[in-house]
Structures are given as C-alpha cells and as structure tokens.
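Since every read-out is calculated from the coordinates, none of them should be taken as a lab result. Bear in mind that the values here come from a model prediction, so they are computed numbers and not experimental data. Counting neighbours? That spans all protein chains shown, and the Cβs are built from the backbone with ideal geometry, glycine included.
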Amino acid sequence: MQALIEIDRLNLFYGTFHALKNVSMNIPEKAITAFIGPSGCGKSTLLRSLNRMNDMIPGTSIEGEIRISGADIYGKDIDVETLRKKVGMVFQQPNPFPKSIYDNVAYGPRLHGITSRQKLDEIVEASLRGAALWHEVKDHLKRSALSLSGGQQQRLCIARALAVEPDVLLMDEATSALDPISTLKIEELAQELKNKYTIVMVTHNMHQAARVSNQTVFFLNGEVVEYAETEKLFSNPEDQRTEDYISGRFG
C-alpha cells in the first residue's frame, strides 16, 4: 500500500523528558493503523504530532521528520491551520460546541470562507451521512448538539472533522467513553471511512485494534517495539514483549 505518512527518526521531548525515541514508520493511505501499548508509552504523543497538537505544550521540542503527502509538516513553510484542515482529530471525550447540530458541522467550512447557504447545506448533509448520523438528526438540525447522546455526539464530532475534507482522520481513544453499542457503531463507521480517508487510531482496547485495523503498532517506553499487519502481530508477534503485552502478562 502507498504510504501517505512517513515518519523518519522522530525524537520528541517534553522539556528534558524523552517521550518518543527514534520512531520511524510509514503509514499507508486509505487504511486503519492502530497504536497500542500501556499508558504513557508514547502512542498519543505520536498521534498528536501528526497534526502538531503538541505545539501547544510548552517546552516541546522535536527532531527528525514527519512527511504527509511528501511535505515535511514541521518545515518552515507549513501553515499549521491548513495542516489541521488536512489532518482532522476526534478526541476521547465527545466535544461538540454548544451550538446547534447544523452549526457544529458548518463551523469548519465557514472558518475557511464558505458562506453560501446552499453549499453549507450540502456539506452538512454529506458530512452527517458520512458519519452515519444524518437519518437520526435530519429533522432536528437546529437542536443543540449537547442534547445528543454520547455516541451521537462522537459521531457529530466525526462529521465536524469530515466537513473540511481532510486526508487523515486521527482518533484518540475515540470510543473509550462510550457504551458498547455506540462503540460498535463507531467501529463500523471507521471501516466505511477508510475507503476515503487514512485513519490512525490510538486504543487501549486490543480487541478493537484486532477487529478494526489493517496495521498495528506496539509502543513501549517511547519506542516502537513492533509494527506489522494486524493479523500477524496478534497471531504471530516477532518480539517477546509484544507477545507478553497482548497475552496480558504486563501493561
């Protein structure tokens, strides 16, 4: 598969703490790549590096390169706002804006200069359909997004990310706050979305990684221990530490 994201000898520091150590990997386009590992192992730090969310943390420094579609996203000529349009993110807790369902989805397109009501209507409908939410909310678009259930709010956040037509969708523990039925809906949605988008997900749920992802990366102490096709990593890992983690012997 074609690599959309190339990470080359990446080191990241929070002050003097060495959070990511010499990480290199290629992430293929239009597939789901899962990051697994114990808490504090670096998986969310790497995920947040892909749209420069770590820039917001004082004392962060980075060495090495991350290239998306061939462009070094830490290069001097990169516009971070444009990068975050290309690389959307869905967080652990659903975080809809205290606005209507419609205005949540239209927020990004408006920010990027789209004012035509007809065009916004089209984007809102297409994004809500893309997030498998349209049929549940189409008659209530003026209702507050905060009136939705947790699972619906998370799908609304996915629709909000899709509305600006990203290339990459980052999902940081996107189902950990949800009930099993909502979790299943998000997993099924991710399987559909990978036909159009490159998805990178952090999950503590190894069963979820095994069910949903095409590739899995196992992190430990800021390092990549193993990166392989998901089926191979879970059925025949090469590193004993991977075997110990997925069998529950540590972590």
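Below are the figures for this structure:
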read-out	value
Residue in the stretch 234-242 that is under 20 Å from residue 47 (Cα atoms), out of contact with any Cys (no Cβ under 6 Å at 6 or more places or on another chain) and either in contact (Cβ under 8 Å) with a residue 60 or more places away in the chain or surrounded by fewer than 20 Cβ atoms within 10 Å (Cβ to Cβ) (or both) present	no
Complete set of residues in the stretch 169-193 that are among the small types (Gly, Ala, Ser), more than 13 Å from the chain's Cα centre (by Cα) and either over 10 Å from residue 203 (Cβ atoms) or in a helix (DSSP H, G or I) (or both)	177, 182
Close pairs (6 angstrom Cβ cut-off, 6 or more residues apart or separate chains): buried (at least 17 other Cβ atoms within 10 Å of the Cβ) in the stretch 112-134, among the hydroxyl-bearing types (Ser, Thr, Tyr) anywhere	124/102
Unique residue being under 20 Å from residue 49 (Cβ atoms), of a type outside the set (A, V, I, L, M), out of contact with any helix residue (DSSP H, G or I) (no Cβ under 7 Å at 6 or more places or on another chain) and surrounded by fewer than 19 Cβ atoms within 10 Å (Cβ to Cβ) when the list is 192, 223	223
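One line per residue, one yes/no per condition, for (1) out of contact with any strand residue (DSSP E or B) (no Cβ under 8 Å at 6 or more places or on another chain); (2) more than 23 Å from residue 131 (Cβ to Cβ); (3) small (Gly, Ala, Ser); (4) surrounded by fewer than 18 Cβ atoms within 10 Å (Cβ to Cβ):
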{"residue": "18", "(1), (2), (3), (4)": "no, yes, no, yes"}
{"residue": "23", "(1), (2), (3), (4)": "no, yes, no, no"}
{"residue": "36", "(1), (2), (3), (4)": "no, yes, no, no"}
{"residue": "47", "(1), (2), (3), (4)": "no, no, no, no"}
{"residue": "54", "(1), (2), (3), (4)": "no, yes, no, no"}
{"residue": "64", "(1), (2), (3), (4)": "no, yes, yes, yes"}
{"residue": "87", "(1), (2), (3), (4)": "no, no, no, no"}
{"residue": "93", "(1), (2), (3), (4)": "yes, no, no, yes"}
